[in-house]
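The values are calculated or read from the model by the stated rules, or taken from the named source; none is laboratory data. Keep in mind that this is a model prediction, so the values were computed, not measured. For neighbour counting, all protein chains shown are included, and Cβ atoms are generated from backbone atoms with ideal geometry for every residue, glycine included. Only protein heavy atoms, including side chains, enter the accessible area calculation; ligands, DNA and RNA are left aside. Shrake-Rupley method; radii C 1.70, N 1.55, O 1.52, S 1.80 Å.
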Amino acid sequence: MAFDLGIPVIEDTAYTARRYEGEAIPSVMALEVARVRHVDATRAVYCGTFSKTLNPGLRVGWVCTARLAISQLILAKQTSDLNSPLLNQMIMHQKNNG
């Protein structure tokens with residue numbers, strides 16, 4: 001597996017929820033967490049979006065990975081983007097937590 005070589009894998013799951021038949025296939029992230037026993041020990045980066053399944057214009061996504069990688073992604077986002085769609089993020093937060 002690529003993780004044995006120390007190579008990070010970015011897993012884009014934009015269309016995972018559109019599976020219509022058959023059993024769900026485990027994600028690379030799930031396999032890696034099962035192997036190393038904690039998300040902070042993984043090299044996988046699991047990316048998702050609400051744009052493909054909920055609303056194409058929403059443009060809100062999410063990432064699940066080790067905390068160190070998250071902190072690096074936050075810094076990269078802050079230096080490259082000065083305006084995130086706050087209203088869209090608030091709508092998704094309310095939808096998922098309300």
State whether the residues of region 74-92 include one that is more than 23 Å from residue 16 (Cα to Cα), open to solvent by less than 100 Å² (accessible area, probe 1.4 Å), of a type outside the set (Ser, Thr, Tyr) and assigned to a loop (DSSP other than H, G, I, E, B). yes
Going by the structure shown, is residue 57 open to solvent by less than 80 Å² (accessible area, probe 1.4 Å), modelled with pLDDT under 85 and under 30 Å from residue 7 (Cα atoms)? no
Selection from region 12-32 of residues surrounded by 19 or more Cβ atoms within 10 Å (Cβ to Cβ) and farther than 23 Å from residue 95 by Cβ yields 28, 32
Just the residues that are assigned to a helix (DSSP H, G or I) and either open to solvent by 70 Å² or more (accessible area, probe 1.4 Å) or under 19 Å from residue 93 (Cβ atoms) (or both), please, taken from region 33-54. 35
